[in-house]
1. Using a 1.4 Å probe over the heavy atoms of the protein chains, calculate the carbon and sulfur portion of the accessible area of the stretch 325-402 as a whole percent.
2. Compute log10 of I(q)/I(0) for the stretch 160-315 with the Debye formula, placing one identical point scatterer on every Cα and leaving out solvent, at q = 0.12, 0.13, 0.14 Å⁻¹, to two decimals.
3. Lys and Arg at +1, Asp and Glu at -1: add these up for the other residues within a Cβ distance under 9 Å of residue 375 and post the number.
4. Could you calculate the contour length gain from residue 251 to residue 25, that is, 0.36 nm times the residue separation minus the distance between their Cα atoms, to one decimal place in nm?
5. So which GluC sites (Glu not before Pro) in the stretch 239-325 end up in coil per DSSP with only 10 or fewer other C-beta atoms within 10 Å?
6. Step through the residues of the stretch 254-260 one at a time and calculate ³J(HN,Hα) from phi using the Karplus curve (6.51 cos²θ - 1.76 cosθ + 1.60, θ = phi - 60°), rounding each to whole Hz and writing x for Gly and Pro.
7. Counting other Cβ atoms within 10 Å, which GluC sites (Glu not before Pro) in the stretch 125-231 have at most 12 and lie in a DSSP loop?
8. Of 71/314; 16/71; 44/315; 163/395; 93/154, which pairs sit farther than 20 Å apart, going by alpha carbon to alpha carbon?
Amino acid sequence: MTAPSTPSAYPIVRLKPKADASRIRAGQPWVYADDVVTDRRTKKIAAGKLALLQDAGRENIGVVAVNGASKIMLRILDRDPVAQIDQAWFEAKLSGAHELRARLYDARFYRLVHAEGDGLPGLIIDRFGETCVVQPNAAWLEARLDELFAALKKITGVECIYKSASGRTRELEGLDTESKLICGTLDGPIKVAMNGATYLADIAGGQKTGLFYDQRPNHAFAARLAKDARVLDVFSHVGGFGLAALAGGAASALAVDGSEPALTLARQGAEDMGVADRFDTKKGDAFKVMESLQVEGQAFDLVIADPPAFAPSKKALQNGLTAYSRVAAQAARLTERGGYLVLCSCSHAADLGRFRAACLRGINRAGRRAQLLYTGGAGPDHPMHEALVESGYLKSLFFRLD
């Protein structure tokens, strides 16, 4: 049992009697507004301020970040009721995250902090050599950026820090969307080598942090299937699967995306690899491009579809699953007999079972039968939080079609 309440510099917020305090003590890092006593004192706590969370019996649970305007009203920061959330605290958290990645990767290109998975709720940091891109997606972080940036420089020694403020999550937290360079210089896209391929990450102008590290192990598995294959990479961004396939010996790769800047970076990556003669791109709506390829009678030995999150919330789940099924059907029609189909989802609201079922519905609708060969998730630089299923958002399904 937790010790009785002790004097604290933090204001106190309490759980309602009906709230499941045991679930929170067991590790759940989020507390929703419905479980919190929202009296006048609680309502006066400004977004981003810290508080001491107690259960209905006034026993301490830990230090929390408060944002009454967010669906996630409280985020657990520390189980020590007198913990000081200062630069030294950030240094301790970042040191643990940095040590893990140093064991995993020889080169300094990885996700350094994966939010709750690294004990830093709402914080994403991707490292690109001597540059770090920071996404502070919660109000408590926005109020402590100076301490965070100082700790990051001390632990990693990076010369350049870029704050990325894009994304739906910051808007939900009531935060601005102004991205900016914090320190150092950016001299255009950064080259990133992974799985034998070269990618160009546009830190300031690209999506999210400029590159998606989470698919690294799935790129590698796809490359094992790619030797001498004709490859179609749909929703390719900067060439993720397509360039990895060419590094694995693919005969050709066609990258399809709606963003011309992303495709330009993909072509630059192919040139850097010396495979530009085997790489082509097509800009357009993915569904329309797949339809036109089918009309042309095209077929590929390896087809990959890695779309954006079609189901970013529970409210969007059904429409998202319908979209995933539609992608699966169109992609299956473009896959050769005996060829391979890779279908991906980064929607945390669509769990693995629902996503797999939606994909199989689409494959069956295309008149194909499938063997499921492999199920992949994010790489180990994206650790899952033990009590947060949302942190295991990425699913990649590898099929062999008849």
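1. Carbon with sulfur: 47 percent of the solvent-accessible area.
2. -0.55, -0.64, -0.73
3. Neighbour charge sum, excluding residue 375 itself: +2.
4. Difference between extended and current length: 76.0 nm.
5. 296
6. 10, 9, 10, 7, x, 9, 5
7. Hits after loop and neighbour filter: 178.
8. The pairs that break the limit, which is 20 Å between Cα atoms, are 44/315; 163/395.
The values are calculated or read from the model by the stated rules, or taken from the named source; none is laboratory data. Here the structure is a predicted model, which is why all the values come from computation and not from measurement. Note that we place each Cβ from the backbone using ideal geometry, even for glycine, and neighbour counts take in every protein chain shown. We work out accessible area using only protein heavy atoms, side chains counted, and drop any ligands, DNA or RNA first. Shrake-Rupley method; radii C 1.70, N 1.55, O 1.52, S 1.80 Å.
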